[in-house]
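Report on one structure; see the data block that follows.
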Amino acid sequence: LIRLASGPRFPMDAETARACVQADFERAYRPEGTFRHLSALRSAPPIHEEIGAINVPSLVIQASHDCFFEEDHGEDLARRLQGRYALIEGAGHNLTDELGKAVADLAVPFIETCAGKTDA
């Protein structure tokens, strides 16, 4: 499942996926946590309108192959935040090392711009 959710451009190899699962298992094996997590997501009230009250520079980075959050989700969030939107083609839900670098390539210049540390 972890490998399938990684997206076609940033695949996770079997050894890394196995290591992630093992680390999660050793850190906290609590199967009931999945049910609690899903229950919290389903019972949380919508916050769509409140998001518009956030008034800080924002960058929404969306993965084109995220199996949990589709592109329109990221686009809507960026619109509500009046922020920037960036789509990473071929990325999935899981953050592989290569995808982490792609995210950093987008995030670092954005943060520098917000801090006034760039000529852009």
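The values are calculated or read from the model by the stated rules, or taken from the named source; none is laboratory data. Predicted, not measured: the structure shown is a model, and the values here were computed from it. As a convention, Cβ positions derive from the backbone with ideal geometry for all residues, glycine included, and neighbour counts pool all protein chains shown. Please note that ligands, DNA and RNA were not included when accessible areas were found on the heavy atoms of the full protein model with its side chains. Shrake-Rupley method; radii C 1.70, N 1.55, O 1.52, S 1.80 Å.
Numbers at a glance
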quantity: Within segment 90-113, tally of residues that are open to solvent by less than 70 Å² (accessible area, probe 1.4 Å) and either over 16 Å from the mean Cα position of the chain (by Cα) or of a type outside the set (A, V, I, L, M) (or both); calculated: 8
quantity: Selected residue (criterion: surrounded by the most Cβ atoms within 10 Å (Cβ to Cβ)) from residues of segment 64-89 that are within 17 Å of Leu4 (Cβ to Cβ) and among the charged types (D, E, K, R); calculated: Asp66
quantity: Of residues in segment 89-112 being without any contact (Cβ under 8 Å) to a residue 40 or more places away in the chain and of a type in the set (Val, Ile, Thr), the one farthest from Ala17 (Cα to Cα); calculated: Ile111
quantity: Some residue of segment 19-28 being under 25 Å from Leu106 (Cβ atoms), among the aliphatic types (A, V, I, L, M), surrounded by 10 or more Cβ atoms within 10 Å (Cβ to Cβ) and at pLDDT 90 or above; calculated: no
quantity: The lone exception for Asp72 - which of (1) under 16 Å from the mean Cα position of the chain (by Cα); (2) in contact (Cβ under 8 Å) with a residue 12 or more places away in the chain it fails; calculated: (2)
